[in-house]
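Worksheet for the structure shown next.
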Amino acid sequence: MDRKRATPPASSVRRLIYGGIRRLSLPDRLHLARRILDEAAAEGAGESQPRSLLDLDGFGAELWLGRDAQRLVDHLRLERPAVGESPAFPVARPPKEHAPPGPTAR
């Protein structure tokens with residue numbers, strides 16, 4: 001009579017394995033964890049397909065609803081340092097709208 005051995009449920013196997021792992025020393029558990037993560041990362045890396053920047057088309061579009069992108073760009077341009085200017089030592093810039101030249105009051 002040829003009996004096939006029944007496979008235990010996955011939860012029982014996990015509990016058994018975890019019980020054995022808990023009895024390992026901390027360095028051995030860390031080594032095992034690193035090895036498992038490295039193997040999983042290697043497997044995952046083989047599965048990934050090359051991505052295209054075009055996959056992001058429309059992603060986050062709802063964030064811009066009701067916002068003026070040009071206004072944001074103009075604001076950011078005012079805040080950034082001028083070409084050749086160090087952010088640590090900013091150069092004083094004249095105001096955008098200059099007052100007409102005239103006598104200075106003392």
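Each value in this text was obtained by applying a stated rule to the coordinates, not by laboratory testing. As the structure is a computational prediction, the values presented were derived from the model and not from experiment. Cβ sites come from the backbone with ideal geometry, for glycine too, and all protein chains shown count toward neighbours.
By average Cβ neighbour count within 10 Å, what is the ranking of 57-69, 28-40 from highest down? It would help to have the intermediate numbers written out before the result.
Values: 57-69: 7.9, 28-40: 10.8.
Ranked by mean Cβ neighbours within 10 Å, highest first: 28-40, 57-69.
Under 18 Å from a point placed 7 Å out from the Cα of TYR18 along the Cα-to-Cβ direction: which residues of region 30-72 have their backbone N that close?
Backbone N within reach: 30, 32-34, 36-37.
Once you put a point 7 Å from the Cα of ASP68 and another 7 Å from the Cα of ALA6, both along the Cβ direction, what distance in nm separates them?
Output for this residue pair reads 7.3 nm.
Using the Karplus curve 6.51 cos²θ - 1.76 cosθ + 1.60 with θ = phi - 60°, what ³J(HN,Hα) values do you get for each residue of region 61-75, in whole Hz, with x for Gly and Pro?
The phi angles translate into 4, 5, 5, 9, 4, x, 10, 9, 4, 5, 4, 5, 4, 4, 4 Hz.
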